[in-house]
Structure formats: structure tokens, C-alpha cells
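To start, the structure under review is shown below, and the notes come after it.
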Amino acid sequence: MHQTYHRIGRLPELIFGLFLFGIGCVSTIYGWSYGLGRLNDIGPGAFPMGLGIGLMILAALAMREAGTQDPVSRRLAPAFFYLPGVIIWALLIEGAGLLVATMALILMCSVAEEHLNLKRAVLLSLILTAVGYLVFILGFGLTFNLIGDWF
Amino acid sequence: MNVLHDLALGFQVALTWQAIVICLGGVVLGTFVGVLPGIGALAAISLCLPLTYYMEPVHGLILLSGIFYGAQYGSSTSSILLNIPGTPSAAATCLDGNPMARQGRAGQALFIVTLSSYFGGMVGIILLVAFAVPLAKFALTFGAPEYFAVMLLGLVAASTASPGSAVKGLAMMVLGLIFGMVGTDVTSGVYRFTLGQLELTDGINLVAMAMGLFGIGEVLSNLAAPSAPQPPSKGFRLREMLPSRKEARQSVFPAIRGSLLGSWIGALPGTGPAIAAFVAYATEKRISRTPEKFGTGAVEGVAAPEAANNASVQAAFIPTLCIGIPGDAVMAFMLGAMIIHGIVPGPNLISQQPEMFWGLVASFSVGNLILVLLTLPMIGVWVKILNVPRQVLYPLIIFLICVGVYSVNSNVFDVMVAVAFGILGFVMTLFRYPVAPILLGYILGPLVEENFRRTLFISNGDFTAFLSSPVSVICLALVLVALLTPMVLSFRRRLTSSVQE
């Protein structure tokens, strides 16, 4: 189902280069606002500003290299299930607890596979929850709940 | 016999049962991630850093270093059997290791690789013991300008020496330096780049960042790539693995040369085990009387690079422990881990905490011995690991990352930071930007800035202070060389191609 491969072309690489350039810009502007200081008393902004300018130059140079290498083909679908899975885990861990959060995470990861194997996903999440409970909550005494306050 | 006394002290620490168990755990985990292509030592080390908070500092470091050098042993297994390096440092081993396997000599290749790895590792450790004290004494004379220059050299060398585009490497290093600025400025107390988030006033969490870049990012990249071939299910018997007398003789001198080259390269700033392995391979090919045999299963071509990458990972501890300046991203992470444990790596470490330093060094020799005993008889088990379906493996790793990042501060924000860096790491690998320079820059950033500002403060704003000592002059000259070499090379390439047209 998610076996589609995407060719990674020149345009997205240019966009990423622009993103880096933007970070350089932000760093330069913020650096300016933090105060540059004097030569014998360098302020908190001088280094970020210098780095920002450096990053803008390097990002521009890197963009010139965009598309010079053979394009690769990659599956992008897994990323769109794994990343939200982690975010959902983070949102659920405090309220719903380890069990529910882990089940949600593993289900999201399983959906990324070609054939959704629900039985295996549930089994895996139960095993991981048990291991997590034994190792992290009992073993290391970490403070998170198996079943959260929401229930 | 001061060294013997120091080593005895070290073994008193390294041979306690806790230290041995922890060392065993580290090297087993290291071999595990080494065998698995795509998951590197850094992901495992950052995953285990929160666990070390519950240990004594020296035990924590024994665990983390064990993962690092253990991964070098494991990585050659998948190079030989699958033609896929378990970690980049074993890429050179594929060249002759996999042809050997296809000729039915996989057992011999694995045997030779393990013994040359052990030999290389021990040579690296011996050099570490020999050079630690003199180098630390020398580094005691370093002031702010010297530290600034050496760190700058490490940063520039690491980002330009990595395979791929030097410009992209440098851009990632500068990006890492900017990430290192996040948080409260030590000198002025100003909050920088905190985006109004209270959680960012102490800076970006090291574990969250490393797990995002090297854990989540690598998992996503592996899922995105075409599936790997399946390993052979056939087992190995120890007796069948013994190399012939000719093969053994052929691998002795390459292993010695590889070890020496590897230790030297490993101790240099900016060079890691991958470069050491390739230089050793190229050297063997050049001096060989039968260079045409390389690439078709030459024993020399597996012995030398494996000795070199193991020697280099042990020698990489020399600058980190003795000067306090890491040469590559893994060492930078180790430095960060030490700082979290309240240890200040640097020239004073050996004299002020000798049991810490020598205990760690002694544990390296224990760990290497465990690895030899572990790798050879258990090769069948490691091969089975390659059969774990990725539908189980990757969710498992992601789960461990979630719990690991969250557990550091019981903080959801850190998990979100890891997600952000996971996206960054994934996108970067799509466009072939190297990931490691970010971590190096992030960890060295505050130190570079501090020494830069201190130099100018002491010299009252006089920039010639950076050129006041031979050490800093040499380092800054090498920085220029490292920056100019890729430019000159690409200019020459363009010149020759335009001439050909």
C-alpha cells in the first residue's frame, strides 16, 4: 500500500537550502538585537550574528550544488506515520499513561507497513508496555503512570 | 614504573564485578547496533545516556564507550555477509570481505576481522596509555587562543573530511554551532534563541537532539530506503572458521600497519574510524605486490581496515580525555556525557581523577577481550539478529527513543524537540547533508565562543592574540588548508572538464 517511491529532485533540495538560509537570517537579526559588544568585551550577539552570516553564505553555496548528484528514490510514507506516532505518544503519556500511549504509537508505526498486521501490532505494544513498566517504572523508578489520570 | 602503578589502579576499578557486567552490557549492545545496518553507535549511546544517570560516572562512561568500540566489531559482520556496512566505518571491509563470503570463505573473513580488530584495539589502547600523560602535560600550557584554534581545527576538519560535499558539511557544522548558542549566555546572562520557552533557557537537551538526529532520523531514512537483502541462514562452526596458515600469514603485517595508521588517524582532530579504515585499505592496495587481487577477496583488504578502525576508536579518546577536545561526533557526545556527570575532561582529568581515567582505559582492554570471546563463538546469534523483521525492530527502537527522551526530565517538550530533530535529520539525509557535524558543532559551540571571547578580553581586543603561540598558528594554518583544499580540487576538476570539452 505504501510502497510508492518518490524521486527526490532538485526543487525540494533548493527549498531546504532556503530554509537553512532563513535560519542564518534569523540568527543574524537576533544576534544584532542581543548586542554585539566591543572588541575587548564581545557581547552575546556577536557570535550568533557571525554564525548567521556564515550559514547564509554556506546555504547559498550548497544550493548551487542542488541537483548535481543523481536523484534518489525514497519511500516517504513511513515518515508520515512514525512522526505523528511519536507526537501522539508524547501527548498521551502524561494523561493516558504508558499503556495507551504505546499502543497508539505502535499502531501508527504498523500502519506504515505494506500489510497492516493488527494482531502483531497489539501483541508488540503489550510486550513493549510490559518491558517498559518493568525496566523503567519498577527498575529505574521513573515517574510515569502505566494507566494515566484520565481513566 | 608509574604507568604500571596507574594501570593497576585502573584495573582495580575495571575488574570489579559491576564494572565487568556494565562493560559486557555495553559491548553486547554495541555489537548489536553494529551488526544492524542503519542504526549506528550514536543512536545507542544517546539512548543509554539517561540510564547512566543512575550509575557512578566511571561506570556510565564504561558503558557508553563499550557501545562505541563494540559497534566496530559488529559492523564488519554485516559488511561481510550482506555487503552492507553495519556502520560507515566498516564500508571498506565490504570491498574484500563480501567477495570472500561469496567464495564460501565468510567464516575465515569473520575470524580474521575479529582478531585484527582485537589487535588494532589493543594497539590503540597502548598508545592511549603511552601518550595520555605527556599530552595532558603539554595541554596544560594551552590558553584560550590555543583552545579556540584546536577546536576550530577539529570542527572544520570533521565537516570537510566527511564523505560528500564539503560545503554541506560546513553548513551543518555552523548550524550546529547556532544550536549550541540556544539558552542562557554564560557571560552576560542574556537568553538567546529561547523562543519564549522556559524549557530552552538551559539550552537544547543533548539527549533529545541526538536521539532525534541519529535515532528517529536514521529509522526514518532506513524505512525510506529499499529493503535490505536477507542474510544467509547457515550457521558457522568455529573449526570451519579457522583461516589457513597462508591466510593467517597474509593478514599479520596488514593488521600491524592498519593498527598504527588507524591510531594515528584516530587521534587527529576531525577524522573518525571510517577515514582510518579507508586510508588503511588504500595503503595496503598501494604497497601490495598483487594489487589486482584487491576487491576479489584479498585477506589483506579485510585485516588492515578492521585493525585500523578499531585502533582509531581507541585512539580517538586521546584528544578527548587529555585535552578535552573531541575529534568527531561520537567523542563530542562522550564529552557532553562527561560534563553532564560533572566531570571536566581536559588536561587536569588524569591528575585529579586518576581512578576515573585509568579505570576507563583499563575497561577498554577488558571490553576488547570480551568482544573477541563474544564475537567468534556467537557469530550465529549475531547473524540471526539480521533476520529480525523491521516491522518489529523499528517500532521497538522508536518506543525506546520515546521513553528515553521523556525520562530525562519527565518532559513532553523534549520529545517534541526530538521529533523536530528527527525531521531535520531525515530531510538532511534525503539531500545528502551529513548529520554528524551538527552534533559536533552543538557541543563545541559554547566552548568555542567562550574561548574566542576570553582571548579578546585578555588581549584587550587585539586579534593578533590568536597568533601568539606556535600551536594556534599551526592549527589556524591547517584550518585554512582544510577550507581551501576542496575549493582548489573542485576548481581543478572544473578546469580539466572544460579543457576536455
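Read the figures in this text as sums done on the coordinates, not as results from a lab. This structure is a prediction, so every number in the text was calculated from the model and none was measured. Cβ: placed from backbone, ideal geometry, glycine included. Neighbour counts: every protein chain shown.
Seen from all directions on average, segment B:334-428 presents a Cα convex hull projection of 9.6 nm². A P(r) calculated from all alpha carbon pairs of chain A, with 5 Å bins opening at zero, reads 2, 9, 11, 11, 10, 9, 9, 11, 14, 11, 4, 1, 0, 0 percent. Of the DSSP H helices in chain A, those with a Cα length along their own long axis of 30 Å or more and a mean Kyte-Doolittle hydropathy reaching -1.0 comprise A:10-34. Sorted fewest first by neighbouring Cβ atoms within 10 angstrom, B:487, B:55 come out as B:487, B:55. Projection of the Cα convex hull of segment A:8-74, averaged over all directions and equal to a quarter of that hull's surface, yields 5.0 nm². Against chain B, whose longest principal axis comes from its Cα atoms, helix B:144-161 is set at around 40 degrees. With each label modelled as a point 7 angstrom along the Cα→C-beta vector, the residue A:118-residue B:344 pair spans 6.0 nm. Charging the Cβ of each Asp and Glu at -1 and of each Lys and Arg at +1, and nothing else, the dipole of the protein assembly as shown about its Cα centre rounds to 1920 debye.
Judged by the ratio a/c of the largest to the smallest principal axis of the C-alpha gyration tensor, segment A:77-139 counts as oblate, that ratio being 1.5 or greater while a/b is no larger than b/c. Here the label points at residue A:126 and residue A:15, each 7 Å from Cα along the C-beta direction, are separated by 4.2 nm in the simple model. Summarised in one figure, the compactness ratio Rg/Rh of segment B:332-491, Cα atoms and Kirkwood Rh, is 1.05. Label sites at residue B:489 and residue B:287, each approximated as a point 7 angstrom past Cα along Cα to Cβ, lie 2.3 nm apart.
Shown for B:156, B:190: other C-beta atoms within 10 Å of each C-beta, ranked fewest to most, produce the order B:190, B:156. Note on chain B: the alpha carbon radius of gyration divided by the globular reference 2.2 N^0.38 Å gives 0.95.
Most tightly packed first, judged by the mean number of other beta-carbon atoms within 10 Å of their residues, the peptides B:66-74, B:26-34, B:291-299 read B:66-74, B:26-34, B:291-299.
Both the radius of gyration and Dmax for the protein assembly as shown are 24.3, 75 Å, in that order, over alpha-carbon atoms.
Taking other C-beta atoms within 10 angstrom as a stand-in for reagent exposure, B:75, B:351 fall in the order B:351, B:75, fewest first.
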